[in-house]
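Structure first, commentary second.
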Amino acid sequence: MLHYIAFNKPYEVLSQFTDSARRSTLKHFIDLPGIYPAGRLDYRSEGLLILSNDGRFIKRMSDPRFERAKIYLAQVEGLPDPQDILRLQESILLPGLQTRLVEAEIVPDPGLLPRSKPVRPYHPTTWIKLVLREGKKHEVRRLTAAIGYPTLRLVRIAVGPVRLEGLQPGAWRPLTDDEISAVMH
């Protein structure tokens, strides 16, 4: 039986099923044999992770040639102004990592549930919505640092047609037929 699921990965959970260091992994939340993530989120990032046991589906979700938009919310330290956001969209390319510019905009606080280790309120923070077409390792964190605003919290809210909406941290749901069809066609 083929499985296609959306999982809301909590903070400090590995995007894999095993870990020799005994950190929290996907196996603590998902008990479906033979499924694998279509892409990754780093240990300190949260949000949408898509998993399946269909290799063709995983390839279509994760291969950059299909240009699936990956949408993130980044809580950054400080108060970037419109010029900083314009730099993100028009001139920041990370050498050896990034080949396409991102879409970015300042957004209101999205009202996400607190994570297991809250962001400490030492300084004012701002939420930025970023849309990437590549999704390289630590790309969002490097981009916000490049304009002088370190990322304090990072949550992926969408990949292609699949959205995180309504899925609590640590919970998963099957993808809809429409979501699967949109990926495969």
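The values are calculated or read from the model by the stated rules, or taken from the named source; none is laboratory data. Predicted model, so just to flag it, every value in this text is computed and none were measured. Methodologically, a virtual Cβ is constructed for each residue, glycine included, from the backbone with ideal geometry; neighbour enumeration extends over all protein chains shown.
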For this session: Could you tell me whether any residue of the range 105-122 is more than 18 Å from the chain's Cα centre (by Cα) and on the phi > 0 side of the Ramachandran plot?
Result: no
For this session: For Gly47, state whether it is in a loop (DSSP other than H, G, I, E, B), under 15 Å from the mean Cα position of the chain (by Cα) and on the phi > 0 side of the Ramachandran plot.
Result: no
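Of everything in the range 64-78, what is over 17 Å from Pro121 (Cβ atoms) and among the aliphatic types (A, V, I, L, M)? Give them in sequence order.
Ala69, Ile71, Leu73 - these are the residues of the range 64-78 that are over 17 Å from Pro121 (Cβ atoms) and among the aliphatic types (A, V, I, L, M).
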Exercise. Which residues, taken from the range 3-17, are part of a loop (DSSP other than H, G, I, E, B), touching a strand residue (DSSP E or B) at 6+ places or on another chain (Cβ under 7 Å) and closer than 16 Å to Asp31 by Cβ?
Worked result: His3
Exercise. Name the helices (runs of 4 or more DSSP H) wholly within the range 78-185 that hold at least 2 residues that are surrounded by fewer than 12 Cβ atoms within 10 Å (Cβ to Cβ)?
Worked result: 82-90, 177-184
For this session: Could you please tell me which pairs satisfy a Cβ distance under 6 Å, a separation of 6+ or placement on different chains, a first residue in the range 114-142 that is over 22 Å from Pro169 (Cβ atoms) and at pLDDT below 85, and a second residue that is among the hydrophobic types (A, V, I, L, M, F, W, C) and not in a loop (DSSP other than H, G, I, E, B)?
Result: none
Exercise. For the range 144-153, does any single residue satisfy the condition of being at positive phi and within 14 Å of the chain's Cα centre (by Cα)?
Worked result: no
Exercise. Among (1) assigned to a loop (DSSP other than H, G, I, E, B); (2) buried (at least 18 other Cβ atoms within 10 Å of the Cβ), where does Gly34 come up short?
Worked result: (2)
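Could you say which residue among Glu77, Glu46 is touching a Phe, Trp or Tyr at 6+ places or on another chain (Cβ under 8 Å) and outside the structural domain of Glu139 (by TED's automatic domain parsing)? Don't jump to the end; show me each part of the working.
On the way: Glu77 fails: outside the structural domain of Glu139 (by TED's automatic domain parsing).
None of the other options fit; the residue is Glu46.
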For this session: Considering only the range 1-15, state which residues are more than 14 Å from Ile58 (Cβ to Cβ) and more than 15 Å from the chain's Cα centre (by Cα).
Result: Met1
For this session: Kindly provide the set of residues from the range 1-28 that are more than 18 Å from Leu48 (Cβ to Cβ) and either crowded, with 17+ Cβ neighbours inside 10 Å or of a type in the set (Val, Ile, Thr) (or both), ordered by number.
Result: Thr18
